[in-house]
Amino acid sequence: MAQVPLAKKMSEEQSDSKRQSVHILNPHLEKMDEDILYHFALGTGTHDFPAMFSDVKHGMGIPSISIMLHELLKLLHYSKCSNVTIIRIGTSGGVGVEPGSVVITSQSVDATFKPQFEQMILGKTVVRNTELDPGLIQELVQCSKEINEFNTVIGNTMCTMDFYEGQARLDGAFCSYTEEAKIEYLKTAYEAGVRNIEMESSVFAAMCNISGLRAAVVCVTLLNRLEGDQISSPHDILVHHQQRPQKLVGFFIKKHFSNPGMSF
């Protein structure tokens, strides 16, 4: 049997002692048969996590779309575009609406249900308006009626900085509240007009308002958050649902394609 040099063995032991495992503080996870990490398309029942990953980097939400919008708006300015309409499409968690419903945002609200986006600039809090173009909203609603294939609602969209605790989920790495408290919060959100939750609409609405652009947010709901936190629909159903915002906005664009005064 080959012998490991004492110095090397001690070095390896010291290295192991410096490794610290990640501790998560959420008792709800132990009750789950499988945990689906939706944004990574992975599940604890279908993938060998230790064998696949040592580090993961994942970008989304307000910071990412803010960077993109700054440069997109400059591109539109330098290109001398006019009469621009900009529409964000995506997925979201529904609040009191059935999965597959399309939500057209009337205004983006924060976690206290106020229609505003707060940003720190030079150490000071700047508050910006997050209402969206009412005329554009009605045009999209009319398009949905003409398509007549899926449920479409107008409602407030709650925009958060976090996918887990910020959205009152029970399946994050940390969870310090009860399921009862979560349900009470989401019911309060519903009473405040919230119909879905996502992570980009507030800065999107604020920046479009400042720029004078007609803007809308159209997101499909993949689950009803009052009924759970994890997506349980089959993959083919999810793909079908995710196409609905594209179909609605595509229909809208086709209707206006002959209008030379509108840019997309």
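The table below lists the values:
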| read-out | value |
| --- | --- |
| Single unsatisfied condition, S233 versus (1) at pLDDT 95 or above; (2) open to solvent by less than 40 Å² (accessible area, probe 1.4 Å); (3) among the polar types (S, T, N, Q) | (1) |
| Among residues of segment 28-52, those that are at pLDDT below 75, of a type in the set (A, V, I, L, M, F, W, C) and open to solvent by less than 80 Å² (accessible area, probe 1.4 Å), counted | 0 |
| Only one of G212, G166, G228 that is out of contact with any strand residue (DSSP E or B) (no Cβ under 7 Å at 6 or more places or on another chain) and touching a residue at least 40 places away in the same chain (Cβ under 8 Å) | G166 |
| Qualifying positions in segment 169-178 - in contact (Cβ under 8 Å) with a residue 60 or more places away in the chain and not hydrophobic (A, V, I, L, M, F, W, C) | R169, D171, G172, S176 |
| Where a residue in segment 179-197 is under 12 Å from R169 (Cα atoms) and in contact (Cβ under 8 Å) with a residue 12 or more places away in the chain and its partner, wherever it lies, is small (G, A, S) and open to solvent by less than 40 Å² (accessible area, probe 1.4 Å), with Cβ under 7 Å and at least six apart | K182/A168; Y185/A168; L186/A168; I197/S92; I197/G93 |
| Residue match in segment 208-217 (condition: within 14 Å of the chain's Cα centre (by Cα) and within 20 Å of F252 (Cα to Cα)) | yes |
| Some residue of segment 75-97 being of a type in the set (S, T, Y) and within 16 Å of T152 (Cα to Cα) | yes |
| Verdict on I86 being open to solvent by less than 70 Å² (accessible area, probe 1.4 Å), within 20 Å of N129 (Cα to Cα) and hydrophobic (A, V, I, L, M, F, W, C) | yes |
| Test: L248 is more than 23 Å from M68 (Cα to Cα) and either open to solvent by less than 30 Å² (accessible area, probe 1.4 Å) or free of Cβ contacts under 8 Å to residues at least 24 places away in the same chain (or both) | yes |
| Scope segment 203-227; condition part of a helix (DSSP H, G or I) and open to solvent by 10 Å² or more (accessible area, probe 1.4 Å); matching residues | M207, N209, I210, S211 |
| Count of segment 175-193 residues which are more than 18 Å from E131 (Cα to Cα) and not in a helix (DSSP H, G or I) | 4 |
| Within segment 21-131, strands (runs of 3 or more DSSP E) holding 1 or more residues that are basic (K, R) | 85-94, 124-129 |
| Matching residues, segment 123-132, being within 21 Å of N209 (Cα to Cα) and surrounded by fewer than 18 Cβ atoms within 10 Å (Cβ to Cβ) | K124, T125, V126, V127, R128, N129, E131 |
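The values are calculated or read from the model by the stated rules, or taken from the named source; none is laboratory data. Remember, predicted model here, so these are calculated numbers, not experimental data. FYI the Cβ positions are ideal-geometry reconstructions off the backbone, even for glycines, and counts take in every protein chain you see. Keep in mind that these areas ignore ligands, DNA and RNA; they rest on the heavy atoms of the full protein, side chains included. Shrake-Rupley method; radii C 1.70, N 1.55, O 1.52, S 1.80 Å.
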